[in-house]
Structure formats: C-alpha cells, structure tokens
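Every number here is computed from the coordinates shown, using simple stated rules; none is lab data. Computed from a predicted model, the values in this text were never measured in an experiment. With ideal geometry, Cβ positions are generated from the backbone for all residues, glycine too; neighbour counts draw on all protein chains shown.
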Amino acid sequence: MKVNFTNHPLIQHKISIMRDVNTGSKDFRELVSEVAMLMCYEVTRDLQLQSVEIETPITKTTVKMMPSCKMAVVPILRAGLGMVEGIVKLIPSIKIGHIGLYRDPQTLKPVEYYCKLPADIADREVLLVDPMLATGGSAAAAIKFLKDRGVKKIKSVHIIAAPEGVQVLNLQHPDVDVYCAALDEKLNEHGYIVPGLGDAGDRIFGTK
C-alpha cells in the first residue's frame, strides 16, 4: 500500500490520549486540531519556495518564502471540521471548502448531501481531511467530486487509517498521496476501525 506516515513522537503521544475512552470532547477536539497541525508540516514538505530580497535590521539579504497561497483545505463533514483549525493556524491564507457525506448504515456506501468549494478550486492544491479513513468510500467519493471539478493535485490526510481504506484509495485514485499518523489493524463488521478511537465526529462534537 502506498501511504505516507507522520509518526513523530508528539503525534503518537497525542493519538494515544485520543484513543482513550475516558478522554472527553473538549480534550479530544483540541487533540484532533493539534495532531492536524503537526501533520501539516509533513504534508506540506514539498511546497515550492521562491527567492525574495528583504532588508533585515542589519543588511539586505535574499530569503526563501512561499509565493501567494494556491491551496485549499476541504474537510469531509462533519468530523473533518476538527482538523481545519490546526491547518489554518499554519497557513492562514488557505481557502476552505466543504464536502458533506454520510455513510449509509446498511450499505456502508457514501451519500453526498453538501458540496461548497472555492470558485477557483481547479487551480489549487487540495488537502482533503477526515480524521478516520475506514472503508475509504467517503474519501474516494470526495476525491472524485474534486476531480470532477478540475482539481489536479489532491492529498488525502487522515489521523488514523484502516488498511482496507488505504487500499481503496490506492486502487481508485492511485495519483493521490495518502497521509496518516497511524495505520490500524482492520475494520470490524460495522465498518469501524480496530482498535481505532470510536466515532470521531461524535467525540469531537459531544453527540454521543
């Protein structure tokens, strides 16, 4: 499977706290944001820089800076919202889109209910974010929506992934780089990641 791991000790420590059933919504929500911010360092490692001349308090010098931001972060609603703040803290000028999907409890297939993207989305590199990559159905569908709207460069970013989900993305979208901080054992009969951390959306928003 083609997957990029971001296994920094700080990330692994925070994920361990997230997995604990005793971690409440406030702490869980903050941890999701923090892990997303830490992962963003690795996800954006290949960003291009340009030489710019500036003047320091001592002298003029040439430095490396990012050109105007041509990126977008697109969370898969609703759990993906938890990852947006951490990324925006690092890249304040990034545009934000939203894709709303839910998983049919019987078929486990994704169903779209909302899609709102920046008008120039086709010209942007997109970070598609969702804390959990389980069956891979929702992420694969969201990637197709983005491609149908002309997006050429997409990175699929997840905190925890199941092998089944990574394989689905590799098969359906081999051109998309998959990033995760933990690759878990498997999916159970209900489509939940094992050992996982439960329903990320419910734990972020305190709805269960």
The range 117-123 - phi-based ³J(HN,Hα) in whole Hz, Karplus 6.51/-1.76/1.60, Gly and Pro as x: 10, x, 4, 9, 4, 5, 9
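For the peptides 167-174, 69-76, what is the packing order when you average, over each peptide's residues, the other Cβ atoms within 10 Å and list the highest mean first? Write down the numbers at each step before the final one.
Numbers: 167-174: 15.4, 69-76: 22.0.
Descending mean neighbour count gives 69-76, 167-174.
Taking only DSSP H segments of four or more residues, each worth -39500 (n - 2.57), what value at 222 nm results for the chain once the sum is divided by all its residues, to the nearest 500 deg cm²/dmol?
Values: 6 runs with 68 residues, N = 208.
It comes out at -10000 deg cm²/dmol, rounded to the nearest 500.
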Stretchable slack from R45 to N188, in nm (0.36 nm times residue separation minus alpha-carbon distance): 48.1 nm
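By DSSP, what percent of the beta bridges with both residues in the chain are antiparallel, rounded to the nearest 5? It would help to have the intermediate numbers written out before the result.
Working: 14 of 37 bridges.
Approximately 40 percent, going by the DSSP bridge assignments.
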Centre separation in Å (Cα based) which lies between the range 117-189 and the range 1-74: 18 Å
DSSP-loop trypsin sites (Lys or Arg not before Pro) across the range 4-57, with at most 13 other Cβ within 10 angstrom: R45
Principal-axis tilt of helix 25-43 within the chain, Cα atoms, nearest 10 degrees: 50 degrees
(i) 75, 42, 33; (ii) 63, 39, 31; (iii) 59, 39, 36, with the label sought being that of the calculated Cα extents along the principal axes in Å: (ii)
Neighbourhood net charge (13 Å Cβ-Cβ; Lys/Arg +1, Asp/Glu -1) for I121: +4
25 Å Cα-Cα threshold exceeded, pairs from K95/K153; K95/K144; K116/K155; K14/K70; K64/K153; K2/K109: K14/K70
